[in-house]
1. If PHE257 satisfies all but one of (1) within 18 Å of TYR233 (Cα to Cα); (2) of a type outside the set (Gly, Ala, Ser); (3) modelled with pLDDT of 95 or more; (4) over 18 Å from the mean Cα position of the chain (by Cα), what's the number of the condition it fails?
2. Output yes when any residue across the stretch 248-271 is under 16 Å from ASP111 (Cβ atoms) and hydroxyl-bearing (Ser, Thr, Tyr), and no when none is.
3. Scan the stretch 22-35 and give yes if some residue there is within 15 Å of the chain's Cα centre (by Cα) and either at pLDDT 95 or above or of a type in the set (S, T, N, Q) (or both), otherwise no.
4. Considering only the stretch 156-179, I want to know if a residue exists there that is in contact with a His (Cβ under 9 Å, 6 or more places away or on another chain), part of a loop (DSSP other than H, G, I, E, B), in the same structural domain as GLU222 (by TED's automatic domain parsing) and more than 13 Å from ALA224 (Cβ to Cβ).
5. State which residue is surrounded by the fewest Cβ atoms within 10 Å (Cβ to Cβ) when the search covers only the stretch 138-147 and only residues that are touching a Lys or Arg at 6+ places or on another chain (Cβ under 8 Å) and within 29 Å of THR237 (Cα to Cα).
6. Within the stretch 203-213, is even one residue surrounded by fewer than 20 Cβ atoms within 10 Å (Cβ to Cβ), at negative phi, more than 15 Å from the chain's Cα centre (by Cα) and modelled with pLDDT of 95 or more?
7. Touching a Leu at 6+ places or on another chain (Cβ under 6 Å) and either surrounded by 23 or more Cβ atoms within 10 Å (Cβ to Cβ) or modelled with pLDDT under 95 (or both) - does that describe any residue in the stretch 172-195?
Amino acid sequence: MRAGIVIVLGILVVVGGILVMRTQNSPEAATVLDVEPTETLYLAVPMGVYVPVSLAMAEFEALHPELEFETMVDTPETMAEAVEENERKPDMFISPGGHEATVLVERGFIDPETMVAFGSYEVAILVPKGNPGKVEEPADLLNPEVKVISFSPPDLTAASHAARQSLQNLGLWDILQPKIEVTGCCNESFQWVVDGRAEANVQFLGCPMDTKSVDLSKTKAEIACLLPRDTYYVPRTVAGILTTTQERELAEEFLSFLTDPEMLEFMATKKLRNDQELPLTPGPWGPAQEASPARVASR
């Protein structure tokens with residue numbers, strides 16, 4: 001049984017090294033405190049987007065005093081595995097990058113008609129502080145000084161899935177196979193560069209650097225370069241509703257609220273990443289959005 005961090009909103013929680021406190025100062029918030037919740041909406045929310053999404057949850061709760069949110073907070077890979085393995089399923093799943101949600105659609109857990117995308121990410125190559133592999137561009141992963149490149153599972157993890165697309169389109173993936181070490185979740189693969197087991201690691205820009213302590217990020221790891229945008233699909237935060245939910249109507253209402261352009265504008269000021277500077281409007285998600293650009297390799 002996969003055990004993510006389960007949080008009932010309205011309490012203090014520590015997520016990924018960030019202390020999150022929800023404060024509600026409006027008259028509506030005061031009303032919430034006076035009403036006993038009679039409905040629960042259970043969300044799987046990855047660490048990297050917990051802060052902006054929790055603010056949207058707070059706003060939605062103020063409009064629905066009968067509602068209480070419960071969240072599973074973990075790495076996206078761990079949450080996807082929990083959806084498959086745990087008897088209790090969340091009502092909604094959120095993926096930073098989209099691919100974890102796509103996998104759950106393929107396995108019958110998420111209704112593809114409910115998938116909505118927003119925000120955007122870029123893929124970065126992270127290295128230990130001092131860059132012992134001398135990585136300044138993707139081709140430098142071939143340097144003899146780069147002995148190990150840590151990856152979370154590319155068949156499941158969105159960042160690694162996008163990085164694999166990029167390296168394939170750059171003509172590097174097959175050549176780099178002897179150096180690639182597939183670890184556990186994205187946090188574990190990041191730890192490999194932190195403790196020096198790997199000379200390079202791939203992650204979304206700002207993740208997991210944003211969710212680690214500032215001191216650790218500054219002293220143990222750094223960003224070497226970005227992978228070219230036109231070599232991989234455009235990763236986006238994707239939310240979808242589980243096929244098993246008993247709260248379909250409520251989940252649909254919250255999904256619409258979460259992806260309203262005004263809410264997206266607000267969340268963009270509160271750590272919702274939009275690194276590719278897309279319009280802050282919701283978009284569709286499916287195989288077409290995850291297709292490789294199939295760039296002709298330049299090598």
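1. Going through (1) within 18 Å of TYR233 (Cα to Cα); (2) of a type outside the set (Gly, Ala, Ser); (3) modelled with pLDDT of 95 or more; (4) over 18 Å from the mean Cα position of the chain (by Cα) one by one, PHE257 breaks only (1).
2. Checked against the condition, which is being under 16 Å from ASP111 (Cβ atoms) and hydroxyl-bearing (Ser, Thr, Tyr), the stretch 248-271 yields at least one hit.
3. Filtering the stretch 22-35 for residues within 15 Å of the chain's Cα centre (by Cα) gives none.
No, that holds for no residue.
4. Residues of the stretch 156-179 that are in contact with a His (Cβ under 9 Å, 6 or more places away or on another chain), as a first pass: 156-162.
Filter once more, so that each one left must be part of a loop (DSSP other than H, G, I, E, B): 156-157.
Subset that is in the same structural domain as GLU222 (by TED's automatic domain parsing): 156-157.
Pick out the ones that are also more than 13 Å from ALA224 (Cβ to Cβ) and you get 156-157.
Yes, the stretch 156-179 contains a residue that is in contact with a His (Cβ under 9 Å, 6 or more places away or on another chain), part of a loop (DSSP other than H, G, I, E, B), in the same structural domain as GLU222 (by TED's automatic domain parsing) and more than 13 Å from ALA224 (Cβ to Cβ).
5. Going through the stretch 138-147, the residues touching a Lys or Arg at 6+ places or on another chain (Cβ under 8 Å) turn out to be 139-141, 143, 145-147.
Cutting the leftovers down to within 29 Å of THR237 (Cα to Cα) gives us 139, 141.
Working: ALA139: 14, LEU141: 23.
Among those that are touching a Lys or Arg at 6+ places or on another chain (Cβ under 8 Å) and within 29 Å of THR237 (Cα to Cα), it is ALA139.
6. No, the stretch 203-213 contains no residue that is surrounded by fewer than 20 Cβ atoms within 10 Å (Cβ to Cβ), at negative phi, more than 15 Å from the chain's Cα centre (by Cα) and modelled with pLDDT of 95 or more.
7. Scanning the stretch 172-195 turns up at least one residue that is touching a Leu at 6+ places or on another chain (Cβ under 6 Å) and either surrounded by 23 or more Cβ atoms within 10 Å (Cβ to Cβ) or modelled with pLDDT under 95 (or both).
For (1) charged (D, E, K, R); (2) within 24 Å of GLY98 (Cβ to Cβ), each residue gets a yes or a no:
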site	(1), (2)
VAL146	no, no
SER152	no, yes
ALA158	no, yes
HIS161	no, yes
ARG164	yes, yes
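The values are calculated or read from the model by the stated rules, or taken from the named source; none is laboratory data. Here the structure is a predicted model, which is why all the values come from computation and not from measurement. Note that each Cβ is placed from the backbone with ideal geometry, even for glycine, and that neighbours are counted across all protein chains shown.
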